[in-house]
Amino acid sequence: MHFFRITLKNSMVYRWPILLSIASSVLYIAISLMLWRFLYRETPDMVSYMTKYTIVSNIIGMFYARGIAGRIGGKVSSGAFVTDLIRPINIFSMSWQMELAGICSSFLLSGLPIILVYSPFLIMNSGYYNFPAVLLAIILGHVLFLLIYALLGFSAFILIEIWPFGRLLDDTIRLLAGGFIPLAILPSFLRTLAYAMPFRFLYSFPLELLFGTADMSNLFENFVLIMVWICVFAILNIVMYRFALKKAVVQGG
């Protein structure tokens, strides 16, 4: 775990970026809460629910590492991918360790301050359930998210520049995963699309479990479905990685 330790130490070095990160995270949530308070000003129960939903969804988002796409894609674009092949650790494992360090740093520097600042809102009218299932859902969501963005990184061999696709993927996930608003609020056609895709397992599913709004009769089926999606994206990553190896050998001799 050398890459993890080095990246974690580097992320703690500069003070101003840390302070700005904390301030921006707290401010973003504050603006979102003001929006929901205005929209549901005549429905106190909905205001309370959306307040907890917004805070917790932002905390959950810190456990998802989108930077792996840029790390892998950047190595592909710069040609460093070829030199990484001779190292005693594969590019995916190295990138995951670095992203994991970023996640730990983000939670320590932004997640804990958010919890402290907004703890009164989290405690008020609290009703949280299924903590073991929620934790498992977040761990599996982390793996699924990692595989999705790793696949985007490897696709740089085909797309060359992946940042526009990364931005599109970010916005799509935030919308169809329930990262910004609950899926129940979406129009019916978007809600149908969201339930047909794997993104809902990243935000909506753990949040529904936590707030007790999930259909517990389908709990086992949902976890099986997450595992199926993880297997699908793992296979796609293996295929893309082998394609990358062949292309690197052909172009690099």
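Where a number appears in this text, it was derived from the coordinates with a stated rule and is not lab data. Predicted model only: the values in this text are computed from it and were never measured. Note that each Cβ is placed from the backbone with ideal geometry, even for glycine, and that neighbours are counted across all protein chains shown.
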(request) Find which of 169, 159, 189 sits farthest along the positive direction of the dipole of region 155-210, computed with +1 on the beta-carbon of Lys and Arg, -1 on that of Asp and Glu, about the Cα centre. (result) 189
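In what order do 170, 215 fall by count of nearby beta-carbon atoms within 10 Å, going from fewest to most? Numbers along the way, then the final one.
Values: 170 14, 215 9.
With the sparsest Cβ surroundings first, the list reads 215, 170.
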(message) Can you work out the Karplus-derived ³J(HN,Hα) for every residue in region 172-177? Use 6.51 cos²θ - 1.76 cosθ + 1.60 with θ = phi - 60°, whole Hz, and x for glycine or proline.
(response) 5, 5, 4, 7, 8, 9
(request) List 172, 83, 51 from most exposed to least, where exposure is judged by having the fewest other Cβ atoms within 10 Å. (result) 83, 172, 51
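From the Cα gyration tensor of region 2-252, with a ≥ b ≥ c the square roots of its eigenvalues, which class applies: rounded if a/c is under 1.5, or else prolate if a/b is larger than b/c, or else oblate?
Numbers: a/c = 2.11, a/b = 1.52, b/c = 1.38.
Since a/c reaches 1.5 and a/b is larger than b/c, the shape of region 2-252 is classed as prolate.
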(message) Given Cα positions, please report Rg to Rh for region 93-134, the hydrodynamic radius being the Kirkwood one.
(response) 1.15
